[in-house]
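Before any comments, here is the structure.
The values are calculated or read from the model by the stated rules, or taken from the named source; none is laboratory data. This structure is a prediction, so every number in the text was calculated from the model and none was measured. Using ideal geometry, Cβ is built from the backbone for each residue, glycine included, and neighbour counts are taken over all protein chains shown. When the accessible area is computed, the model is the full protein with side chains, heavy atoms only, and any ligands, DNA or RNA have been set aside. Shrake-Rupley method; radii C 1.70, N 1.55, O 1.52, S 1.80 Å.
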Amino acid sequence: MSIASLPQSALDRSICRAQVNAFFERRTCSIQYVVSDPVTRHCALIDPVLDYDEKSGSVATMSADALLELVKKEDLTVEWILDTHPHADHFSAAAYVKERTGAKTAIGERIVDVQRLWKKIYNLVDFPADGSQWDCLMADGDVFQIGSMDVKVLFSPGHTLASITYVVGDAAFIHDTLFMPDYGTARCDFPGGDARAMWRTIQRILSLPDETRLFVGHDYMPGGRAPAWESTVASQKAQNVHLLQARTEDEFASLRQTRDAKLPMPKLILPALQVNMTGGRLPAPESNGTRYLKIPLDALPYAVWD
């Protein structure tokens, strides 16, 4: 399924205020969102999490079920399941939620580049690296609807090759680009990451109106504060600890590359990408009925050891 951009006049409607409900998943410090149209009561689920315990290999749906419970309680209709990017630190529950709701799934069209890269890393010879695991691949500038609300897509590379931002009225879901102002910005050292592309992405996000609400993909609670996930363009400009240190692209690239060189890989990157590059589908059961993850050894030779 493809999506066509709407004419510019569609973007000139009065800005709506989307209803946003956030769910903090403490195991991976991830935030899931239900964004809904208060007029039609249609909604989208953004970056739903499939629970995974790496110590036991157990998978559960508690986090995603919390979203579905809210949908039921508020009598919402799920219209979209939206991934901002292929996550490296948790499993996507997009396939599970689609099974439960029948809603359309979407991700950025550059997911095919991520699939081609990781297909080689996992040696998945027959894997179709064409994005067909989602119902819709979104391109920069595309506009679609949640109920009566327009949603605009901004291509947002830097953290990954495929990252996108969803702008819904006065709210923008910015995933792993900017974090809360006291934590800074997202890393850019994964395969396909690029600190300079991240700088340009951040500048584009900060060109949105100052009052735009920004919703992040993770919060790591610096100093032990309570979890937080909402800021504004204005507060990021004034307070983001990395942007206060780095005022140019060169300065930011240096800051990010120096910092990233010291960071260990996320503990779930190898199992998570195998699942998330397939739209949250777990590997098929083998002859004994058990599913197995494939973990390549020494595939990330530059990784920092914990």
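Cβ-Cβ distances below 6 Å connect the following pairs, each with a first residue in segment 242-261 that is among the aliphatic types (A, V, I, L, M), a second residue that is part of a loop (DSSP other than H, G, I, E, B), and a separation of six or more residues or different chains: Leu255/Ala246.
Looking at segment 29-56, which of its residues are β-branched (Val, Ile, Thr) and more than 13 Å from the chain's Cα centre (by Cα)?
Looking only at segment 29-56, we keep the residues that are β-branched (Val, Ile, Thr), and these are 31, 34-35, 39-40, 46, 49.
Within segment 29-56, Val34, Val35, Val39, Thr40 meet the criteria.
Quick one: which strands (runs of 3 or more DSSP E) lie wholly within segment 56-174 and hold at least 1 residues that are within 30 Å of Leu300 (Cα to Cα)?
58-60, 77-82, 104-108, 136-138, 149-155, 164-168
Could you please find all residues in segment 139-165 being closer than 23 Å to Gln19 by Cα, in contact with an Asp or Glu (Cβ under 6 Å, 6 or more places away or on another chain) and open to solvent by less than 20 Å² (accessible area, probe 1.4 Å)? Listed by number, the residues that qualify are Val143, Ile146, Met149, Val153. Put simply, of Lys262, Lys237, Lys267 the only residue that is open to solvent by 80 Å² or more (accessible area, probe 1.4 Å), within 21 Å of the chain's Cα centre (by Cα), closer than 23 Å to His175 by Cβ and not hydrophobic (A, V, I, L, M, F, W, C) is Lys267.
I need the full set of residues from segment 80-93 which are surrounded by fewer than 24 Cβ atoms within 10 Å (Cβ to Cβ) and touching a strand residue (DSSP E or B) at 6+ places or on another chain (Cβ under 8 Å), in order please. Lay out the reasoning, then the answer.
Of segment 80-93, the ones surrounded by fewer than 24 Cβ atoms within 10 Å (Cβ to Cβ) are 80, 88-89.
Trp80, Asp89 - these are the residues of segment 80-93 that are surrounded by fewer than 24 Cβ atoms within 10 Å (Cβ to Cβ) and touching a strand residue (DSSP E or B) at 6+ places or on another chain (Cβ under 8 Å).
Going by what's in this entry, would Val34 be described as crowded, with 18+ Cβ neighbours inside 10 Å and either of a type in the set (S, T, N, Q) or in a helix (DSSP H, G or I) (or both)? Steps first, answer last, please.
On the way: crowded, with 18+ Cβ neighbours inside 10 Å: yes; either of a type in the set (S, T, N, Q) or in a helix (DSSP H, G or I) (or both): no.
Considered against the rule, which asks whether it is crowded, with 18+ Cβ neighbours inside 10 Å and either of a type in the set (S, T, N, Q) or in a helix (DSSP H, G or I) (or both), Val34 comes out as no.
When Ala226 is tested against (1) more than 24 Å from Val151 (Cβ to Cβ); (2) without any contact (Cβ under 8 Å) to a residue 40 or more places away in the chain; (3) surrounded by 15 or more Cβ atoms within 10 Å (Cβ to Cβ), just one condition goes unmet, and that condition is (3). The requirement of being surrounded by 15 or more Cβ atoms within 10 Å (Cβ to Cβ), among the aliphatic types (A, V, I, L, M) and in contact with a His (Cβ under 9 Å, 6 or more places away or on another chain) is not satisfied by Met221. Go through the residues of segment 112-125 one by one and say whether even a single one is out of contact with any helix residue (DSSP H, G or I) (no Cβ under 6 Å at 6 or more places or on another chain), β-branched (Val, Ile, Thr), free of Cβ contacts under 8 Å to residues at least 60 places away in the same chain and farther than 30 Å from Met221 by Cβ. Yes, segment 112-125 has at least one match.
Does at least one position in segment 277-288 carry a residue that is of a type in the set (A, V, I, L, M), surrounded by 12 or more Cβ atoms within 10 Å (Cβ to Cβ), at pLDDT 95 or above and part of a helix (DSSP H, G or I)? No: zero hits. Scanning segment 197-218 for residues that are aliphatic (A, V, I, L, M), more than 15 Å from Gly158 (Cβ to Cβ) and open to solvent by 10 Å² or more (accessible area, probe 1.4 Å) returns a single hit, Leu208.
So which residues in segment 94-126 are open to solvent by less than 40 Å² (accessible area, probe 1.4 Å) and more than 18 Å from Ala162 (Cα to Cα), if there are any at all? Correct list: Ala95, Val97, Ala103, Tyr122. Tell me, yes or no, whether segment 247-255 has at least one residue that is in a loop (DSSP other than H, G, I, E, B) and open to solvent by 70 Å² or more (accessible area, probe 1.4 Å). Within segment 247-255 (the criterion being in a loop (DSSP other than H, G, I, E, B) and open to solvent by 70 Å² or more (accessible area, probe 1.4 Å)), the answer is yes, since at least one residue qualifies.
The number of residues in segment 162-180 that are farther than 17 Å from Pro209 by Cα and modelled with pLDDT of 95 or more comes to 7. Checking each residue in segment 166-196 for being surrounded by fewer than 20 Cβ atoms within 10 Å (Cβ to Cβ), farther than 23 Å from Val35 by Cα and touching a Cys at 6+ places or on another chain (Cβ under 8 Å) picks out only Asp194.
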